[in-house]
1. Looking at A:293, A:246, A:256, A:276, which one is closer than 21 Å to residue B:58 by Cβ and in contact (Cβ under 8 Å) with a residue 24 or more places away in the chain?
2. Just checking, which of B:47, B:20 is within 28 Å of residue B:143 (Cα to Cα), outside the structural domain of residue B:209 (by TED's automatic domain parsing) and at pLDDT below 95?
3. Would you point out which residue out of A:171, A:151, A:191, A:184 is within 14 Å of chain B (Cβ to nearest Cβ) and loosely packed, with under 14 Cβ neighbours inside 10 Å?
4. Here are the criteria: (1) away from every other protein chain (no Cβ under 14 Å); (2) free of Cβ contacts under 8 Å to residues at least 40 places away in the same chain. Tell me which single one residue B:138 does not satisfy.
5. Quick check, is residue A:216 in contact (Cβ under 8 Å) with a residue 12 or more places away in the chain, touching a strand residue (DSSP E or B) at 6+ places or on another chain (Cβ under 9 Å) and either away from chain B (no Cβ under 14 Å) or in a strand (DSSP E or B) (or both)?
6. Of all residues in region B:116-140 being assigned to a helix (DSSP H, G or I) and touching a helix residue (DSSP H, G or I) at 6+ places or on another chain (Cβ under 8 Å), which is nearest to residue B:192 (Cα to Cα)?
7. Test of understanding: among A:291, A:210, which residue is within 9 Å of another protein chain (Cβ to nearest Cβ) and modelled with pLDDT of 95 or more?
8. Suppose we filter region B:1-11 for residues that are facing chain A (nearest Cβ under 9 Å) and touching a helix residue (DSSP H, G or I) at 6+ places or on another chain (Cβ under 7 Å); how many remain?
């Protein structure tokens, strides 16, 4: 029961919900960049919320099914095809032995998710199947790799109503919680941060997303290193924000103005460079309420 | 007095002081341990660092205010708990040689030291583990004697071999894996800290100590050391 990689790509890796319990040992959280598309991919197949998927960045990969199974593809539209014919996304699909799955090039968004019924059965390293290239944990998929998956005994044909499928081409507003050194930034600094359109730059990967815009004047450039939360926003020495993402180091020493709400980070994961971006304050109460609703729906619990 | 701030929708940061202080790592390490034991149903992960402890929790089970209150009350009774961990000291062999210590020659010249004196200074104390981060099992050790302190390189090296021992101002550390980095490299250890052995992530713990000892080039090479 497996897929075989027929053609390598820029960056396709196995990811699950993440390596949540090893920050103490200096490890990144890792895991999928777009939790929304990921959660749907597993949900469409009645998988467990933490089942491993393939995160395909910008496309290019070609896979061949070695047995019949069910899959779901969500996230970016990377020109997903089965046997050279455009195939449905956000939909549970049956595929057959010998079927060739391809993602040729990005049309809308950045990262697509391929979930398979029962989840991919790749190696668990430090309590997670997530690959982290920076930490030399696992490797990206290359031609010849074999991706095993589990057995299953139940079929599903779930799909999502098209009105719930996100459009990844729009500019975005990220809701951000006042955390860390928020109160150390002056009113003027905060005004500048919240009242401008930033632009997503090319320096934008699984570790972090660097923004361009009008720099904030910084009084304290470096501080004592402290634990990093997924989505916290460092203001670097040049006065510009860096949003720290799934593969960010566990500790860091730049002042942080806040932490972006996780489900807005899922939207960020699908934005290409040059997209305009704004920040808007969000309360912890609101964030926890919305996230709890999401977790309940997708049965995410630890 | 401790100060607790929010660090995100499911995380808080507990500060134990404003300045780096040798008394803090042990205290923070112990509190991390206590927190994991006492609130194991809601605590997901802890990240101790120089003056703070980052704690993530399960927002499905507890909200911010309730978690904040629990942590605060635990801090109040901190001294009366019995989960204090004993400090351990790990002894680590290092070959201090110009062929592996990429910056050693420059350091000796700038500091006007001979190699024997440098080794004597670097190996004379047990260093405290202040934080673990940057990469897995990378332990920040301090405080380095002023006589051998040097700032980071202006331009980081693209590749520093695994096992390299470096100095950056008041800190010293071992690179667990091949990586880029800007520390001044003064030697190399045979000790494997890579993730090839999953147990290696447990080698260092904030609040514990590390003491280096010098081995000869022959000892280094005959035990599998690479140049």
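The values are calculated or read from the model by the stated rules, or taken from the named source; none is laboratory data. It should be emphasised that the depicted structure is a prediction, and the values quoted were computed from it without experimental measurement. Methodologically, a virtual Cβ is constructed for each residue, glycine included, from the backbone with ideal geometry; neighbour enumeration extends over all protein chains shown.
1. Details: A:293 fails: in contact (Cβ under 8 Å) with a residue 24 or more places away in the chain; A:256 fails: closer than 21 Å to residue B:58 by Cβ; A:276 fails: closer than 21 Å to residue B:58 by Cβ.
None of the others qualify; the one that does is A:246.
2. Values: B:47 fails: at pLDDT below 95.
That would be B:20, the only listed residue that is within 28 Å of residue B:143 (Cα to Cα), outside the structural domain of residue B:209 (by TED's automatic domain parsing) and at pLDDT below 95.
3. Values: A:171 fails: within 14 Å of chain B (Cβ to nearest Cβ); A:151 fails: within 14 Å of chain B (Cβ to nearest Cβ); A:191 fails: within 14 Å of chain B (Cβ to nearest Cβ).
None of the other options fit; the residue is A:184.
4. For residue B:138, the failing item is (1).
5. Numbers: in contact (Cβ under 8 Å) with a residue 12 or more places away in the chain: yes; touching a strand residue (DSSP E or B) at 6+ places or on another chain (Cβ under 9 Å): yes; either away from chain B (no Cβ under 14 Å) or in a strand (DSSP E or B) (or both): yes.
Spelling it out, residue A:216 is indeed in contact (Cβ under 8 Å) with a residue 12 or more places away in the chain, touching a strand residue (DSSP E or B) at 6+ places or on another chain (Cβ under 9 Å) and either away from chain B (no Cβ under 14 Å) or in a strand (DSSP E or B) (or both).
6. Filtering region B:116-140 down to residues assigned to a helix (DSSP H, G or I) leaves B:116-123.
From what's left, touching a helix residue (DSSP H, G or I) at 6+ places or on another chain (Cβ under 8 Å): B:118, B:121-122.
Numbers: B:118: 24, B:121: 24, B:122: 20 Å.
Taking the candidates together, the pick is B:122.
7. Details: A:210 fails: within 9 Å of another protein chain (Cβ to nearest Cβ).
Matching residue, one of A:291, A:210: A:291.
8. So in region B:1-11, the residues facing chain A (nearest Cβ under 9 Å) come out as B:5-11.
From the residues that got through so far, the ones that are touching a helix residue (DSSP H, G or I) at 6+ places or on another chain (Cβ under 7 Å) too are B:6, B:9.
Total meeting the criteria: 2.
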